[in-house]
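Heads up: the structure comes next, in structure tokens.
The values are calculated or read from the model by the stated rules, or taken from the named source; none is laboratory data. Remember, predicted model here, so these are calculated numbers, not experimental data. We place every Cβ from the backbone using ideal geometry, glycine too, and count neighbours over all the protein chains shown. For the accessible areas, the whole protein counts, side chains as well, though only heavy atoms, and no ligand, DNA or RNA atoms are used. Shrake-Rupley method; radii C 1.70, N 1.55, O 1.52, S 1.80 Å.
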Amino acid sequence: MKQPTLKSIILDVVPQGTKQGVAEENLQELVSLVQTAGGIVIEKIIQKRGRPSGKTFFGSGKIEEVAEYALENKIDLIIVNDSLKPNQYVNLGKMFPDIKVWDRMDLILNIFDQHASAPEAKLQIKLARMYHEIPKIYARDATTLFERAGAGIGTRGAGEKGIEDEKRHIRSQIKNIKERLQVMQKKQGAQRKNRSQTGMPTVAIVGYTNAGKSSLMKVLTKKDNIRIDDALFVTLETKIGNLWLPTVNKNVLVADTIGFIRDLPPELVSSFLTTLEEARHAELLLHVVDVSDPKYLEKITVVNSILAQLNCSTIPTRVVLNKADRLADFALIQSENACLRLPPKLRALQPILISTTAKFGIETLKETISEHFFSGLHA
């Protein structure tokens with residue numbers, strides 16, 4: 001049965017003086033995330049203030065406006081474009097007892113839950129969710145835990161025991177998940193070692209979510225079982241395929257990895273380390289960028305920052321600008337040196353301009369990979 005579409009309000013706090021157009025543009029990615037999760041954004045509410053309220057994210061007057069709008073429009077879900085603190089969850093939960101309140105991380109984890117299929121990915125998501133939920137559980141359910149353990153006047157000790165029992169149970173679950181992931185990681189390590197013994201180098205495709213990584217993987221490896229959607233976080237499990245380089249009569253391995261996104265919490269990055277191992281052990285990274293995205297320079301910075309967290313900064317990297325067919329001057333780009341038409345900042349990165357849809361630039365990319373690994377074999 002198809003799940004009902006959740007009617008959502010999204011909230012954001014921006015600095016005083018921010019232009020309304022800029023403030024709304026900053027919410028566009030959150031709108032896309034909501035749509036990917038199967039929801040619909042009914043209203044975007046923005047407050048301009050120095051910083052979010054420590055109690056309820058929005059100030060008291062604005063949060064009352066949200067409550068009134070949510071009641072009148074039968075809203076199912078309120079999503080904050082930030083990371084909420086545990087006490088903010090508690091206070092908002094009291095204000096909206098019949099409405100789910102999520103922050104940005106909750107929304108991303110919900111999308112991951114929908115897209116994950118492999119046991120490893122499901123475990124990684126569960127681990128990330130537990131790390132995210134623990135502070136909320138302690139803040140929200142402290143009173144409930146006392147009651148569940150029989151706490152009351154003169155029985156505070158029993159309530160404290162209930163809380164400690166709950167903490168031990170959570171720690172035990174985390175330990176169990178980590179142990180299972182370690183087993184999977186060792187198995188993957190053995191598989192990676194076996195592949196390395198073939199002498200084939202490895203190329204890993206990385207990039208911001210929905211930049212076209214999976215499309216490039218499919219074009220390069222001609223694998224049929226790769227899902228291609230114009231949506232965020234379609235790929236959550238690493239996929240491996242062979243790329244044939246005809247000019248040198250050689251194969252290289254290509255790995256497609258999970259997409260990145262701004263403000264990706266450290267606990268989520270650490271939870272997906274097993275999935276990202278292929279990128280960490282690759283000999284060449286292809287950093288795929290959606291060149292038609294107005295914010296592509298910002299997203300390049302986001303990806304580079306996450307790669308640094310993964311200790312991938314020293315791996316040779318080539319920037320691959322995808323979706324060139326969406327540019328207004330694509331016809332001119334195809335008839336001349338494409339990179340000459342790029343902004344100076346981007347041109348300095350010596351990027352390769354491609355379109356997986358129009359099959360433009362793919363042979364140039366293959367030749368670049370070939371040159372990187374087998375330059376001595378070229379005529």
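Some points to look at:
This table checks each residue for (1) surrounded by fewer than 21 Cβ atoms within 10 Å (Cβ to Cβ); (2) out of contact with any helix residue (DSSP H, G or I) (no Cβ under 9 Å at 6 or more places or on another chain); (3) in contact (Cβ under 8 Å) with a residue 12 or more places away in the chain; (4) assigned to a loop (DSSP other than H, G, I, E, B).
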{"residue": "Pro97", "(1), (2), (3), (4)": "yes, yes, no, yes"}
{"residue": "Ser117", "(1), (2), (3), (4)": "yes, yes, yes, yes"}
{"residue": "Ile125", "(1), (2), (3), (4)": "no, no, yes, no"}
{"residue": "Ala128", "(1), (2), (3), (4)": "no, no, yes, no"}
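- Arg262 open to solvent by 20 Å² or more (accessible area, probe 1.4 Å), assigned to a helix (DSSP H, G or I), under 26 Å from Ser313 (Cβ atoms) and modelled with pLDDT under 90: no
- Considering the conditions (1) more than 24 Å from the chain's Cα centre (by Cα); (2) part of a loop (DSSP other than H, G, I, E, B), Leu84 is excluded by exactly one of them, (1).
- Evaluating Ala23 against the criteria (1) touching an Asp or Glu at 6+ places or on another chain (Cβ under 9 Å); (2) assigned to a strand (DSSP E or B); (3) of a type in the set (A, V, I, L, M) leaves one unmet condition, (2).
- The condition (being assigned to a helix (DSSP H, G or I), aliphatic (A, V, I, L, M) and over 25 Å from the mean Cα position of the chain (by Cα)) is satisfied by just one residue among Leu107, Leu92: Leu92.
- Subset of segment 196-234 (residues that are at negative phi, modelled with pLDDT of 70 or more and of a type in the set (D, E, K, R)): Lys213, Lys218, Lys223
- Restricted to segment 275-379, the set of helices (runs of 4 or more DSSP H) holding at least 2 residues that are open to solvent by less than 80 Å² (accessible area, probe 1.4 Å) and at pLDDT 90 or above comprises 296-309, 362-374.
- Selection status of Gln47, part of a strand (DSSP E or B), at pLDDT 90 or above, farther than 22 Å from Pro294 by Cα and in contact with a strand residue (DSSP E or B) (Cβ under 7 Å, 6 or more places away or on another chain): yes
- Considering segment 181-195, and only residues there that are among the basic types (Lys, Arg) and at pLDDT 75 or above, the residue that is most open to solvent (accessible area, probe 1.4 Å) turns out to be Lys186.
- Residues of segment 38-76 satisfying the condition of being open to solvent by less than 20 Å² (accessible area, probe 1.4 Å) and within 20 Å of the chain's Cα centre (by Cα): Gly39
- Flag for Ile9 being at pLDDT 95 or above, more than 17 Å from Met95 (Cα to Cα) and surrounded by 15 or more Cβ atoms within 10 Å (Cβ to Cβ): no
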